[in-house]
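Visitor: So that we are looking at the same thing, I have put the structure below in structure tokens.
The values are calculated or read from the model by the stated rules, or taken from the named source; none is laboratory data. Keep in mind that what you see is a predicted model, and the values were worked out from it rather than measured. With ideal geometry, Cβ positions are generated from the backbone for all residues, glycine too; neighbour counts draw on all protein chains shown. For the accessible areas, the whole protein counts, side chains as well, though only heavy atoms, and no ligand, DNA or RNA atoms are used. Shrake-Rupley method; radii C 1.70, N 1.55, O 1.52, S 1.80 Å.
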Amino acid sequence: MLTKLFSAASVGIDATEIEIEIHTGGSGEPSIIVVGLPDATVRESKDRVIAAISNSGYKWPRARTTVNLAPADIKKQGPNFDLPIALGMIALAQSASLPRLQRCYIAGELALTGEVRPIKGALPLTLEARARGKKAVLLPVANTREAAVVEGIDVYGIKTLRDAYEFLSLEKELPIEKENHLTLLEKECSFDVDFSEVKGQEQVKRAIEVAVAGGHNLLLIGPPGSGKSMLARRIPTIMPPLSLQEALEITKIHSVCGLLEPGRSIITERPFRDPHHTISSVGLLGGSATITPGEISIAHHGVLFLDELPEFQRSTLEVLRQPLEDGKVTISRAAGTMTFPSMFMLVGAMNPCPCGYYGDPKKECRCTTSQRDRYRQRLSGPLLDRIDLHVEAPTIEYKELASTQEAESSMHLRERIINARLRQQERFGPSSRTSCNARMSSREVRQHCQLTSRGSELLRKAINELNFSARGYDRILKVARTIADLTACSSIEEEHLLEALSYRNFDREL
């Protein structure tokens with residue numbers, strides 16, 4: 001006897017259809033054999049399945065049973081196949097035909113009691129089901145809101161193995177989970193922090209506004225206590241709202257990584273990731289034996305904040321070079337090759353020297369010249385070349401700390417940034433894949449960043465005297481274009497170019 005069910009396995013941040021064939025009969029002692037390149041978790045599922053079937057009041061085939069997970073060349077990982085395997089074995093034991101079986105994708109981890117536990121990757125699974133023409137998915141109740149954001153497919157929540165079997169055999173009806181993703185995205189995100197709480201540092205706030213408006217990478221340099229981390233943590237409060245496509249991409253990554261909170265449908269705010277400086281290159285880039293996304297992919301469409309930037313291992317920082325340039329990362333391991341999206345805004349923070357007080361007017365620096373040079377040279381030239389703005393954050397004066405005047409709020413900054421982004425989208429056109437100025441190609445830079453004769457002469461002198469690279473040249477033009485957008489200026493004027501040049505100081509000092 002043979003029965004067939006359908007589920008899906010995670011491959012990177014996507015999913016691929018898995019056909020589950022269960023055959024019982026033949027000679028030999030009663031046993032369950034799982035084939036089709038299963039990992040240890042999948043092989044252990046037979047013990048969970050048998051206990052769950054028994055505790056749910058059903059019987060399982062007391063004969064030699066083979067469970068085949070096809071296609072056989074894709075590695076199957078995780079406990080997602082517990083529920084479909086159990087349902088297939090019950091159907092075989094009772095010689096029952098389940099009318100709804102072929103139109104559904106089924107996934108869920110089983111407890112020994114028959115309860116269905118949540119899984120990772122419910123959103124990619126549902127997207128794959130819709131792409132394959134399936135009409136419904138059966139998932140743990142905790143995953144239904146996440147899956148319900150996919151239109152055109154019915155999502156049913158399962159609490160127990162008995163609920164699933166009775167639904168498939170038409171003995172019971174279950175409600176269809178509904179979720180209006182447009183309503184979720186329209187809700188204003190609430191933040192616990194605001195730029196109005198930051199005293200002083202107006203020059204740094206201006207640089208942050210420029211960086212966010214154009215999607216540029218940013219480096220903050222200043223002594224301890226100057227507010228670098230405080231400013232960085234408020235950057236998500238001024239970033240433009242997510243589009244539906246961006247929200248789905250972020251939710252897929254968080255779902256596969258198991259970072260989506262149970263019962264949550266879709267991520268509506270931009271990620272802010274701040275890994276510790278002891279992180280490895282695998283943790284930052286992604287990989288390991290199962291090739292999972294790293295911090296740079298989890299920060300997709302958000303902010304990756306690296307505090308104490310020179311304290312990170314140099315080899316770890318160097319893996320950022322390709323993602324910063326391409327907006328994606330390709331990882332090759334023994335298990336295969338995966339490409340993950342990694343279009344993030346890099347924000348770094350560092351002290352000017354090991355003790356932190358070089359250049360401070362009130363505190364004396366205890367570092368020697370060689371110590372300062374070694375400290376700064378932990379950041380390579382190619383990496384700094386990919387950071388568009390280098391900004392000094394000086395010590396805050398007492399009169400600024402004691403001031404009762406409220407600073408500009410995140411809401412006002414965000415309005416200007418949204419208007420600047422709208423100008424960029426209008427310039428690139430609706431069919432363009434370029435989302436912001438920082439992502440312009442060389443052809444688009446030549447097209448949209450044309451200079452006046454005086455501006456060209458100014459930039460020529462800067463390039464010759466300050467020894468900028470070709471990449472630095474393009475990035476100066478992109479930043480100048482963003483500054484012009486913030487002032488609603490159609491052309492790049494001389495003052496825009498001068499401000500953009502002022503943000504490229506630190507790499508010349510190295």
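Visitor: Keeping every protein chain present and rolling a 1.4 Å probe, give me the accessible area per residue for the stretch 105-216 in Å².
Guide: Working: 4780 Å² over 112 residues.
With the other protein chains kept in place, the stretch 105-216 gives 43 Å² per residue.
Visitor: What are the principal axis extents of the Cα atoms in the stretch 74-225, in Å, biggest first?
Guide: Answer, in whole Å and largest first: 74, 31, 29 Å.
Visitor: Oh, and also: Checking the table Lys187/Lys228; Lys135/Lys328; Lys46/Lys178; Lys46/Lys135; Lys159/Lys252 against a 31 Å threshold on Cα-Cα, which pairs fail? If you can, show how the numbers build up before the last one.
Guide: Working: Lys187/Lys228 29 Å; Lys135/Lys328 33 Å; Lys46/Lys178 33 Å; Lys46/Lys135 28 Å; Lys159/Lys252 23 Å.
With Cα atoms farther than 31 Å apart: Lys135/Lys328; Lys46/Lys178.
Visitor: On to the next question. In nm, to one decimal, how far is the Glu261 label point from the Met411 one, both placed 7 Å along Cα→Cβ?
Guide: Those two pseudo-labels are separated by 2.3 nm.
Visitor: Given a 1.4 Å probe and heavy atoms of the protein chains only, how would you sort Glu397, Glu166, Glu406, largest accessible area at the top?
Guide: On the way: Glu397 75, Glu166 35, Glu406 135 Å².
From most accessible down to least: Glu406, Glu397, Glu166.
Visitor: On the accessible surface of the chain, probed at 1.4 Å, how many percent belong to carbon and sulfur atoms? If you can, show how the numbers build up before the last one.
Guide: On the way: 10980 of 22760 Å².
Solvent-exposed carbon and sulfur of the chain make up 48 percent of the total.
Visitor: At 1.4 Å probe radius, can you tell me the per residue accessible area of the stretch 254-410 in Å²?
Guide: Values: 7240 Å² over 157 residues.
On a per-residue basis, the stretch 254-410 sits at 46 Å².
Visitor: Could you tell me the relative contact order of the chain? Use alpha-carbon pairs under 8 Å, at least six residues apart, and round to a whole percent. Walk me through the numbers before you get to the answer.
Guide: On the way: 1006 pairs, mean separation 66.4, N = 510.
After rounding, I find 13 percent.
Visitor: Next question. Rank these residues by their accessible area, most exposed first, probe 1.4 Å: Asp274, Asp73, Asp82. Walk me through the numbers on the way to the answer.
Guide: Details: Asp274 70, Asp73 130, Asp82 0 Å².
Ranked list, largest accessible area first: Asp73, Asp274, Asp82.
Visitor: Just from its helices, what would the mean residue ellipticity at 222 nm be for the chain, if runs of 4 or more DSSP H residues each count -39500 (n - 2.57) and the sum is divided by every residue, rounded to the nearest 500 deg cm²/dmol?
Guide: On the way: 23 runs with 193 residues, N = 510.
Only helices count here, giving -10500 deg cm²/dmol.
Visitor: Could I ask something else about it? Based on alpha-carbon centroids, what's the gap between the stretch 431-486 and the stretch 51-66 in Å, whole number please?
Guide: 67
Visitor: Here's another thing I want to ask about it. Based solely on C-alpha atoms, express the radius of gyration and the Dmax of the chain in angstrom.
Guide: Values for the chain (Cα only, Rg and Dmax): 27.6, 89 Å.
Visitor: Once you put a point 7 Å from the Cα of Glu397 and another 7 Å from the Cα of Arg366, both along the Cβ direction, what distance in nm separates them?
Guide: 2.8
Visitor: Compute the angle between helix 122-131 and the longest alpha-carbon principal axis of the chain, please, reported from 0 to 90 degrees and rounded to the nearest 10.
Guide: Computed tilt is about 70 degrees.
Visitor: With every protein chain in place, what's the accessible area of Thr404 (1.4 Å probe, Å², nearest 10)?
Guide: 140
Visitor: If only Cα atoms are counted, what is the Rg of the stretch 373-461, and what is its Dmax, in Å?
Guide: Reported Rg and Dmax, both Å: 19.0, 51.
Visitor: Another question, then. So for the stretch 210-303, considering every pair of alpha-carbon atoms, how many percent are separated by more than 21 Å?
Guide: Details: 1797 of 4371 pairs.
Roughly 41 percent, rounded to a whole number.
Visitor: On to the next question. Quick check for you: with a 1.4 Å probe and neighbouring chains kept, what is the accessible area per residue of the stretch 1-74, in Å²? Walk me through the intermediate numbers first.
Guide: Values: 3440 Å² over 74 residues.
With all protein chains present, the stretch 1-74 gives 46 Å² per residue.
Visitor: Does anyone have the angle between helix 410-428 and the longest principal axis of the chain? Alpha-carbon axes, 0 to 90°, nearest 10?
Guide: 80
Visitor: Sort Met343, Met440 by heavy-atom solvent-accessible area, probe 1.4 angstrom, most to least. All intermediate terms of the calculation are to be shown ahead of the outcome.
Guide: Values: Met343 60, Met440 10 Å².
Order by accessible area, largest first: Met343, Met440.
Visitor: Okay, next question. More than 18 angstrom separation, counting every C-alpha pair in the stretch 152-266; what % is that? Don't skip to the end; give the middle numbers.
Guide: Details: 4475 of 6555 pairs.
So the portion of pairs separated by more than 18 Å is 68 percent.
Visitor: Another question, then. Once the principal axes of the Cα atoms of the stretch 15-67 are found, what is the range along each, listed largest first in whole angstroms?
Guide: In descending order, the Cα extents are 32, 27, 19 Å.
Visitor: Now a separate question. Under the classification rounded if a/c is under 1.5, otherwise prolate if a/b is larger than b/c and oblate if not, where does the stretch 271-357 fall, given a ≥ b ≥ c as square roots of the Cα gyration tensor eigenvalues? Please list the in-between numbers first.
Guide: On the way: a/c = 2.38, a/b = 1.73, b/c = 1.37.
Taking the square roots of the gyration eigenvalues as a ≥ b ≥ c, the stretch 271-357 is prolate.
Visitor: Further question: Quick one: which residues, 5 or more positions from Ile33 or on another chain, have an amide H under 5 Å from its amide H? H modelled 1.01 Å from N in the peptide plane, none for Pro or chain starts.
Guide: It is Thr65, Thr66, Val67, by chain and number.
Visitor: Still on this structure: From the P(r) of the stretch 412-471, can you give the percent of Cα pairs sitting at distances over 17 Å?
Guide: On the way: 969 of 1770 pairs.
Roughly 55 percent, rounded to a whole number.
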